[in-house]
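Below is one structure; the comments refer to it alone.
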Ligand code: ADP
């Protein structure tokens, strides 16, 4: 069936439970985009092998990420929701793009350097070429828009470089993909301890997961770093306080935020009260999603059917692109 809508692609690694950063940086946009774009959303299981070679948890993690995406509002009838490893064409395109990616630029990638620092015993070639595989995932569907968080900006820049090199050498096949977020700058959801971003695998006590129970959410929020409060009217906020306001902006009403802004500005703010309010607003936001995830996970037959239908849509699109790629590269000999 011909679909004239612009193409969107994004993915999430099944390396653990999804968190608020994944929701606000990525999934919220997926859900908004599903009615207006031709969307491909995948569970990036191959990517997870770069840092998580032990596959014992992989199946349950893949099921969970699918269920979490659906519980957040993604409709598998409207989009292609699939598993990366079910689309083998990805590996072929990754191989071709590897010939157009240079060791020096890959070594300079911020996420690569971070991961080397975190895990110096496992600096494998897959980790180095992560941005190449990611570019393959995206351009395999000739996607133009990629809804991702701010941490992915550099990878998108690299994907554009690979696309330009390919198009320049072999002819125009791919559009340049760009990071996408509705109306605003790309989002970074900070961790509660002010040491970086919320993340699936690091910083778990300072990350709010969609699977956290109400007591855990309250406990984590109440532990967020604060101080004894401002002493000068209308002063600048320290970054750990700004983070709490930023988190509030994600889940609280405008009225609540304005009240605490005013109290900050006139130095009457009590951070204990602010965190209690934030904790309740987080509980109200997260608990319906968590309950829905649990219900979906009970129905394995449904999840298998989602994966199968999603893979069929993704493979159809991938095969069409790969025909063009092989032709452009002169890899057709008969
Ligand atoms: P993680 O870093 O938790 O392993 P992934 O690498 O699987 O997450 O990223 C999945 C999506 O979630 C990407 O689009 C990424 O930009 C987004 N994302 C991850 N963490 C955050 C965060 N703290 N704030 C905003 N977006 C985030």
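The values are calculated or read from the model by the stated rules, or taken from the named source; none is laboratory data. None of the values given here were measured: they were computed from a predicted structure. All Cβ positions, even for glycine, are placed from backbone atoms using ideal geometry, and neighbour counts span all protein chains on display.
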Residue check for residue 57: in contact with a helix residue (DSSP H, G or I) (Cβ under 8 Å, 6 or more places away or on another chain) and within 16 Å of the ligand (Cβ to nearest atom): no
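For (1) in contact (Cβ under 8 Å) with a residue 60 or more places away in the chain; (2) within 16 Å of the ligand (Cβ to nearest atom), each residue gets a yes or a no:
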| position | (1), (2) |
| --- | --- |
| 185 | no, yes |
| 200 | yes, yes |
| 215 | no, no |
| 219 | no, no |
| 224 | no, yes |
| 229 | no, no |
| 241 | no, no |
| 250 | yes, yes |
Evaluation of residue 156 against (1) away from the ligand (no atom under 12 Å from the Cβ); (2) assigned by TED's automatic domain parsing to the domain that holds residue 112 (one fails), failing number: (1)
Criterion violated by residue 31 - all others in (1) in a helix (DSSP H, G or I); (2) surrounded by 23 or more Cβ atoms within 10 Å (Cβ to Cβ) satisfied: (2)
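Could you say which residue among 22, 38 is touching a helix residue (DSSP H, G or I) at 6+ places or on another chain (Cβ under 9 Å) and without any contact (Cβ under 8 Å) to a residue 40 or more places away in the chain? Please lay out each step first, then the result.
On the way: 22 fails: without any contact (Cβ under 8 Å) to a residue 40 or more places away in the chain.
Residue meeting the stated conditions: 38.
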Given (1) surrounded by fewer than 22 Cβ atoms within 10 Å (Cβ to Cβ); (2) within 9 Å of the ligand (Cβ to nearest atom); (3) under 17 Å from residue 210 (Cα atoms), index of the condition residue 63 fails: (2)
Residue in the range 138-152 that is without any contact (Cβ under 8 Å) to a residue 60 or more places away in the chain, assigned to a helix (DSSP H, G or I) and away from the ligand (no atom under 16 Å from the Cβ) present: no
Subset of the range 85-97 (residues that are crowded, with 17+ Cβ neighbours inside 10 Å and part of a helix (DSSP H, G or I)): 85, 86, 89, 90, 93, 94, 96, 97
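With the requirement that a residue be out of contact with any strand residue (DSSP E or B) (no Cβ under 9 Å at 6 or more places or on another chain), more than 7 Å from the ligand (Cβ to nearest atom) and part of a helix (DSSP H, G or I), what does the range 1-28 give you? It would help to see each step written out before you state the result.
Step one: filter the range 1-28 for residues out of contact with any strand residue (DSSP E or B) (no Cβ under 9 Å at 6 or more places or on another chain), giving 1-2, 15, 23-24.
Of the ones still in play, those that are also more than 7 Å from the ligand (Cβ to nearest atom) are 1-2, 23.
Result: 23, single match.
Give 257, 244 a once-over and let me know the one that is in a helix (DSSP H, G or I) and farther than 17 Å from residue 194 by Cα. Step through it out loud before you land on a result.
Working: 244 fails: farther than 17 Å from residue 194 by Cα.
Result: 257 is the single residue among 257, 244 that is in a helix (DSSP H, G or I) and farther than 17 Å from residue 194 by Cα.
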Extreme residue, nearest to the chain's Cα centre (by Cα), among residues of the range 189-225 that are over 19 Å from residue 289 (Cβ atoms) and buried (at least 18 other Cβ atoms within 10 Å of the Cβ): 197
Yes/no for residue 190 being more than 22 Å from residue 71 (Cβ to Cβ), near the ligand (Cβ under 10 Å from one of its atoms) and touching a residue at least 40 places away in the same chain (Cβ under 8 Å): yes
Answer residue from the range 112-137, given it is within 16 Å of the ligand (Cβ to nearest atom) and not in a helix (DSSP H, G or I) and is farthest from the chain's Cα centre (by Cα) among those: 119
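Is it the case that residue 282 is touching a residue at least 60 places away in the same chain (Cβ under 8 Å) and either surrounded by fewer than 17 Cβ atoms within 10 Å (Cβ to Cβ) or in contact with a strand residue (DSSP E or B) (Cβ under 7 Å, 6 or more places away or on another chain) (or both)?
Numbers: touching a residue at least 60 places away in the same chain (Cβ under 8 Å): yes; either surrounded by fewer than 17 Cβ atoms within 10 Å (Cβ to Cβ) or in contact with a strand residue (DSSP E or B) (Cβ under 7 Å, 6 or more places away or on another chain) (or both): no.
Answer is no for this residue.
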Failed item, numbered, when residue 44 is tested on (1) buried (at least 20 other Cβ atoms within 10 Å of the Cβ); (2) more than 8 Å from the ligand (Cβ to nearest atom): (2)
